[in-house]
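> The structure follows.
The values are calculated or read from the model by the stated rules, or taken from the named source; none is laboratory data. These numbers were taken from a predicted model, which means no experiment stands behind them. Cβ sites come from the backbone with ideal geometry, for glycine too, and all protein chains shown count toward neighbours.
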């Protein structure tokens, strides 16, 4: 059965609109994906773009020119409402600074950056509005390319319109180990792999399909998308299509017309949306 990709920017591929709340889970570049989407949303929609978390996040890089606001949820909401020229502004919202931590996956292993503490789910509700777009980093992965959640993860606001499950394609071929997989025991239980075995596209499919996998704790009516990030680690398009096909077969994903399987890299201007013939023709 023939399979194909079509090109789009990431925001258009997902169909994100003003008023949406998007929760991002998994590993392999959640923050980078959120930043990419926030910039695209700011260019396309005339509304404030908000970024926050139910866990902890690093403060945004200065070159992004995001506005960081710290404080209680009600205070922050009041501050955003008072902005008179914020229609294309991007805000990073957090409760407080919690200290510097080493940045993962950097050549300089001693390089540190400020970490910000997020909000509980019920507090995040205050930031939701028909006049805004809200991105929520709802999972932690210590900078590793792949993650399986424990029973209390991810911490997803139930009002989320979209759940994006991010997986780093740089995980393929790596050994199953604590150096490469966050929540190693859970990953092995879900995929059937053992330590020191190789991470395969098939195991990614199982992580997607399993009820305790990447979409655990997702709201029933939220749209779902798998974001296969760091596609620049894969040699060619044929190999990318093979990986997407295996994930589609083993993970039963996309399962519905609203599901998306997207291949991207934060160094790309466009993304690739994988479409199975069965889905295209429905």
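> How many residues are assigned to a helix (DSSP H, G or I) and buried (at least 22 other Cβ atoms within 10 Å of the Cβ) when one looks only at the stretch 217-242? Before the answer, list the steps.
First, the residues of the stretch 217-242 that are assigned to a helix (DSSP H, G or I): 231-233, 237-242.
If we keep only those that are buried (at least 22 other Cβ atoms within 10 Å of the Cβ) as well, we get 231.
Count: 1.
> Right, something else. Do the conditions hold for residue 205, that is, is it surrounded by 22 or more Cβ atoms within 10 Å (Cβ to Cβ) and out of contact with any strand residue (DSSP E or B) (no Cβ under 9 Å at 6 or more places or on another chain)?
Criteria met by residue 205.
> Which condition number does residue 208 fail, the rest of (1) assigned to a helix (DSSP H, G or I); (2) more than 25 Å from residue 21 (Cβ to Cβ) being met?
If we test residue 208 against (1) assigned to a helix (DSSP H, G or I); (2) more than 25 Å from residue 21 (Cβ to Cβ), just (2) comes out false.
> Take residue 174 and tell me if it is at pLDDT below 95, surrounded by fewer than 20 Cβ atoms within 10 Å (Cβ to Cβ) and either over 15 Å from the mean Cα position of the chain (by Cα) or more than 18 Å from residue 57 (Cα to Cα) (or both). Walk me through it before giving the result.
Details: at pLDDT below 95: no; surrounded by fewer than 20 Cβ atoms within 10 Å (Cβ to Cβ): yes; either over 15 Å from the mean Cα position of the chain (by Cα) or more than 18 Å from residue 57 (Cα to Cα) (or both): yes.
So residue 174 fails the test.
> Follow-up question, since we're still on this one. Can you tell me which residue is surrounded by the most Cβ atoms within 10 Å (Cβ to Cβ) among those in the stretch 41-71 that are in contact (Cβ under 8 Å) with a residue 40 or more places away in the chain and assigned to a loop (DSSP other than H, G, I, E, B)? First the steps, then the outcome.
Of all residues in the stretch 41-71, those in contact (Cβ under 8 Å) with a residue 40 or more places away in the chain come to 41-43, 45-59, 68, 70.
Remaining after also requiring assigned to a loop (DSSP other than H, G, I, E, B): 45-48, 54-55, 59.
Details: 45: 19, 46: 9, 47: 20, 48: 24, 54: 22, 55: 16, 59: 16.
The selected residue is 48.
> Identify the residue in the stretch 72-81 that is touching a strand residue (DSSP E or B) at 6+ places or on another chain (Cβ under 9 Å) and free of Cβ contacts under 8 Å to residues at least 12 places away in the same chain and, among all such residues, is nearest to residue 39 (Cα to Cα).
Among those that are touching a strand residue (DSSP E or B) at 6+ places or on another chain (Cβ under 9 Å) and free of Cβ contacts under 8 Å to residues at least 12 places away in the same chain, it is 79.
> Then there is this: I want to confirm something. Restricting to the stretch 87-97 and keeping residues that are surrounded by fewer than 19 Cβ atoms within 10 Å (Cβ to Cβ) and modelled with pLDDT of 95 or more, which single residue is nearest to residue 132 (Cα to Cα)?
Only one residue fits best here, namely 96.
> Determine whether residue 13 is assigned to a helix (DSSP H, G or I), modelled with pLDDT of 95 or more and either surrounded by fewer than 17 Cβ atoms within 10 Å (Cβ to Cβ) or under 17 Å from the mean Cα position of the chain (by Cα) (or both). Give the steps one after another, and end with the answer.
On the way: assigned to a helix (DSSP H, G or I): yes; modelled with pLDDT of 95 or more: no; either surrounded by fewer than 17 Cβ atoms within 10 Å (Cβ to Cβ) or under 17 Å from the mean Cα position of the chain (by Cα) (or both): yes.
Considered against the rule, which asks whether it is assigned to a helix (DSSP H, G or I), modelled with pLDDT of 95 or more and either surrounded by fewer than 17 Cβ atoms within 10 Å (Cβ to Cβ) or under 17 Å from the mean Cα position of the chain (by Cα) (or both), residue 13 comes out as no.
> If residue 124 satisfies all but one of (1) in a loop (DSSP other than H, G, I, E, B); (2) touching a strand residue (DSSP E or B) at 6+ places or on another chain (Cβ under 8 Å); (3) modelled with pLDDT of 95 or more, what's the number of the condition it fails?
Single failed check for residue 124: (1).
> Here is a further query. Considering only the stretch 82-98, state which residues are out of contact with any helix residue (DSSP H, G or I) (no Cβ under 8 Å at 6 or more places or on another chain), over 21 Å from residue 120 (Cβ atoms) and either touching a residue at least 40 places away in the same chain (Cβ under 8 Å) or in a helix (DSSP H, G or I) (or both).
Selection gives 82, 87.
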